[in-house]
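*Asks:* The structure's right below; bear with me while I get my questions together.
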Amino acid sequence: MSLTDILSPSDIAAALRDCQAPDSFSPKKFFQISGMSKKSSSQLKEIFRILDNDQSGFIEEDELKYFLQRFECGARVLTTSETKTFMAAADHDGDGKIGAEGIHCFNYR
């Protein structure tokens, strides 16, 4: 399964266009534009699984840095500041990684 099986390719493209400039990425806005904020818990879990590049059950800071590239190969890498802000918002237990139990951090309803 790929992200385009869950999210509209045109919504993904619009979300990526919105954050092309360095330090312009907002998780909440990205999730709204891409349609992630409207997905069910099971769909969010599948998105999480796809984004967990090494299939460890966690999304670590190194993986989060390449978050946009998981949606499109040529997308930019998140800046250090964007990555740290994103991680802080999603890492509820402070262990430096986002676990599957934290999947609802991707919901931003």
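*Asks:* Identify the residue in the range 35-48 that is in contact with a helix residue (DSSP H, G or I) (Cβ under 8 Å, 6 or more places away or on another chain) and of a type outside the set (Phe, Trp, Tyr) and, among all such residues, is most open to solvent (accessible area, probe 1.4 Å). Spell out how you get there, then give the answer.
*Replies:* Our first condition is that a residue be in contact with a helix residue (DSSP H, G or I) (Cβ under 8 Å, 6 or more places away or on another chain); within the range 35-48, this holds for 35-37, 39, 41, 44-45, 47-48.
Filter once more, keeping what is of a type outside the set (Phe, Trp, Tyr): 35-37, 39, 41, 44-45, 47.
Details: Gly35: 10, Met36: 0, Ser37: 17, Lys39: 43, Ser41: 53, Leu44: 1, Lys45: 121, Ile47: 1 Å².
Checking each candidate, the answer is Lys45.
*Asks:* Let me ask you something else. So, Ile59, is that one crowded, with 16+ Cβ neighbours inside 10 Å and touching a strand residue (DSSP E or B) at 6+ places or on another chain (Cβ under 7 Å) or not?
*Replies:* Yes.
*Asks:* Let me ask something else about it. Could you list all residues from the range 1-23 that are among the small types (Gly, Ala, Ser), assigned to a loop (DSSP other than H, G, I, E, B) and either open to solvent by 50 Å² or more (accessible area, probe 1.4 Å) or under 22 Å from Lys97 (Cα atoms) (or both)?
*Replies:* Scanning the range 1-23 gives a single hit, Ala21.
*Asks:* Would you say Lys29 is within 19 Å of Thr79 (Cβ to Cβ) and of a type in the set (Lys, Arg)?
*Replies:* Taking the combined requirement at face value, the residue satisfies it.
The values are calculated or read from the model by the stated rules, or taken from the named source; none is laboratory data. On a predicted model such as this, the values are computed, not experimentally measured, just so you know. A quick note on method: Cβ atoms are made from the backbone with ideal geometry, for glycine too, and the neighbour counts reach across all protein chains shown. Calculation scope for accessible area: heavy atoms of the full protein, side chains included, ligands and nucleic acids excluded. Shrake-Rupley method; radii C 1.70, N 1.55, O 1.52, S 1.80 Å.
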